[in-house]
Amino acid sequence: QVQLVESGGGLVQAGDSLRLSCVASGLTVNMYATGWFRQSPGKEREVVAAIRRSGGITYVADSVKGRFSISRDNTKNTVYLQMSSLKPEDTAVYYCAAGPDRFRTVISNRGNEYDYWGRGTLVTVSS
């Protein structure tokens, strides 16, 4: 019943910008903590950014701080990841997730506190 569907991935050049979208159904995003994670071959999943229910508390990983931001449109029940100044190191499958609105959820690097996950969207950044 719950679905999180990511979109917006693709092949871009280093320095480009890209916005990923996560459309939720079966749950209301402003009732959960939601986040973006990524995973590249041979590496563990890592959090990129997360936002709490209130929308006023966000977390952005050091590796993308200043370049990525997370936002939410409650009307569209959609969570966004705005990416700029993309680097080849950003190449990964990006996943959207939702979980209980707790501080522990937000700071979970691997996303193990999240209950729902999308299938992911691939972002490839060329040199």
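The table below gives the values:
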item	result
Members of the stretch 15-54 found to be part of a loop (DSSP other than H, G, I, E, B) and either among the acidic types (D, E) or surrounded by 14 or more Cβ atoms within 10 Å (Cβ to Cβ) (or both), listed by number	D16, L27, Y32, S40, E44, R45, R52, R53
Every residue from the stretch 92-127 that is part of a loop (DSSP other than H, G, I, E, B) and crowded, with 16+ Cβ neighbours inside 10 Å	D101, S108, G111, E113, Y114, G118, G120
Answer residue from the stretch 5-24, given it is aliphatic (A, V, I, L, M) and within 10 Å of Y80 (Cα to Cα) and is farthest from the chain's Cα centre (by Cα) among those	V23
Criterion: among the charged types (D, E, K, R), touching a strand residue (DSSP E or B) at 6+ places or on another chain (Cβ under 8 Å) and under 19 Å from G8 (Cα atoms) - qualifying residue of R38, R53	R38
L81, sole failed condition from (1) in contact (Cβ under 8 Å) with a residue 60 or more places away in the chain; (2) open to solvent by 10 Å² or more (accessible area, probe 1.4 Å); (3) at negative phi	(2)
Sole exception among (1) open to solvent by 50 Å² or more (accessible area, probe 1.4 Å); (2) over 21 Å from Q3 (Cα atoms); (3) part of a strand (DSSP E or B); (4) modelled with pLDDT of 95 or more for E89, by number	(3)
Tally of residues being open to solvent by 50 Å² or more (accessible area, probe 1.4 Å) and either among the charged types (D, E, K, R) or in a loop (DSSP other than H, G, I, E, B) (or both) across the stretch 55-71	6
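The values are calculated or read from the model by the stated rules, or taken from the named source; none is laboratory data. Model, not experiment: these values are computed from the prediction. So basically every Cβ, Gly included, is an ideal-geometry build from the backbone, and we count neighbours across all protein chains shown. Heads up: the accessible areas ignore ligands, DNA and RNA and are worked out on the full protein's heavy atoms, side chains in. Shrake-Rupley method; radii C 1.70, N 1.55, O 1.52, S 1.80 Å.
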